[in-house]
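Everything on this sheet refers to the single structure shown next.
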């Protein structure tokens, strides 16, 4: 598999054994309850908003600073 800034990810594959819980599938994550899934997706949305407000943070060298979030909430 190869990926680069221009083309992005070319191929992604995953596998897992069946989970004993009735998993709730979201766009970005999987959880064991609908409530926790909703909380997780809301948090992802908050982080997306912060990233979009920050704008393009890529340096002239091509490096992008790591986005740090407060995960204590």
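The values are calculated or read from the model by the stated rules, or taken from the named source; none is laboratory data. Everything numeric in this text was worked out from a predicted model, so none of it was measured. Using ideal geometry, Cβ is built from the backbone for each residue, glycine included, and neighbour counts are taken over all protein chains shown.
Contact map, the range 37-57: first residue more than 17 Å from residue 25 (Cβ to Cβ), second residue modelled with pLDDT under 90 and part of a helix (DSSP H, G or I), Cβ cut-off under 8 Å, separation 6 or more or different chains; the map is empty. Among the residues of the range 1-54, just one is in contact with a strand residue (DSSP E or B) (Cβ under 7 Å, 6 or more places away or on another chain), in a loop (DSSP other than H, G, I, E, B) and modelled with pLDDT under 85, namely 10.
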